[in-house]
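Report on the following structure.
The values are calculated or read from the model by the stated rules, or taken from the named source; none is laboratory data. Predicted model only: the values in this text are computed from it and were never measured. FYI the Cβ positions are ideal-geometry reconstructions off the backbone, even for glycines, and counts take in every protein chain you see.
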Amino acid sequence: MSIQALLSRTTIAAALIAAAPLAAQATAFNAPATATFALSSTIVGLQGGSTPITVTVPAGSSTTTDSSGRVTSATLPLTSVDVTGTNLNTFAGVGSGLTLTSGTASVSLTDFVYTTSDKLLNFTLTVGGVSGSLTGAFVASSQSTTTAFVDGVNAKGVFTATGLKLTESTADAVVAGLGLDSFYAGILASVNFGNVTVNVKPAVPEPSTYALIGLGMAGAVVVARRRKQQA
């Protein structure tokens, strides 16, 4: 085998290897994705007072607090994002969620799944330490794609659902789980919990991927020049 033929095959192989992770990303949409819950002023206010409600998140998530230490937003990792073209269909966060605590009672809202077709955010309720005993839901008043989603090498996009409110049945379950008077269920069902924003960021290739891409491009240039000289 000639040196030119060997170089040509090596170049093609390097290019294919470099493209492989990018192709996988395009089909699997594996760009890093998070959901940020911006809590309304009402929910932030409930974290103070004589019977405060504490908001916490599981490991791997993060919160933003105000000067009084009250949680104003929570950023949770997503485990799946379903996109068709530039439209977001669903997103889910298995293991992600919020825990509301009042005294010794707590209610966790985890394993959420949002569906854009009905503006519904379903989740699993854990009441009194009993996981998965109930399911609940938020309903968004509106939703929009502020940055169009793009499949491919630079997969990215931003989606926001606003005015999240608990369904009446979910409000009943949360109030009961926190040991509060049933009177608060009606109030809780009318409260705007805030907004949720999904942010899909472009995945950053590993240095080795850049090296392979560079090798493939350099080799392609060499082969092209040699073929032009032989023509």
Worksheet item: How many of the residues in the range 105-136 are surrounded by fewer than 17 Cβ atoms within 10 Å (Cβ to Cβ) and in contact (Cβ under 8 Å) with a residue 40 or more places away in the chain?
Response: 2
Worksheet item: Pick from T51, T126, T75, T101: which is in the same structural domain as T167 (by TED's automatic domain parsing) and within 27 Å of V200 (Cα to Cα)?
Response: T75
Worksheet item: Has the range 156-172 got at least one residue that is modelled with pLDDT under 85 and among the hydrophobic types (A, V, I, L, M, F, W, C)?
Response: no
Worksheet, complete the sentence: Of (1) in contact with an Asp or Glu (Cβ under 7 Å, 6 or more places away or on another chain); (2) within 19 Å of G157 (Cα to Cα), V94 fails just (2)
Worksheet item: For residues in the range 142-183 being without any contact (Cβ under 8 Å) to a residue 40 or more places away in the chain, buried (at least 16 other Cβ atoms within 10 Å of the Cβ) and part of a helix (DSSP H, G or I), which is nearest to the chain's Cα centre (by Cα)?
Response: A171
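Of all the residues that make up the range 187-206, how many are of a type in the set (G, A, S) and modelled with pLDDT under 85? Even if it seems obvious, please write down each step before you answer.
Kept after step one, since they are of a type in the set (G, A, S), are these residues of the range 187-206: 189-190, 194, 203.
Still in the list and also modelled with pLDDT under 85: 203.
The number of residues fulfilling the criteria is 1.
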Worksheet entry | Number of the condition not met by V139 [criteria: (1) out of contact with any helix residue (DSSP H, G or I) (no Cβ under 7 Å at 6 or more places or on another chain); (2) surrounded by fewer than 17 Cβ atoms within 10 Å (Cβ to Cβ); (3) modelled with pLDDT under 90] | (3)
Worksheet, complete the sentence: With criteria (1) exposed (fewer than 15 other Cβ atoms within 10 Å of the Cβ); (2) under 26 Å from A148 (Cα atoms), A59 comes up short on (2)
Practice prompt. Report, by residue number, each residue of the range 74-100 that is surrounded by 14 or more Cβ atoms within 10 Å (Cβ to Cβ) and touching a residue at least 60 places away in the same chain (Cβ under 8 Å).
Written response: L78, V81, V83, L88, F91, S96, L98, L100
Fill in: Enumeration of residues in the range 184-197 that are outside any loop (DSSP other than H, G, I, E, B) and more than 22 Å from T84 (Cβ to Cβ)
Y184, A185, G186, I187, L188, A189, S190, G194, N195
Practice prompt. At least 3 residues that are modelled with pLDDT under 90 and touching a Leu at 6+ places or on another chain (Cβ under 7 Å) in each: list the strands (runs of 3 or more DSSP E) lying fully within the range 31-129 that qualify.
Written response: 87-102, 105-115
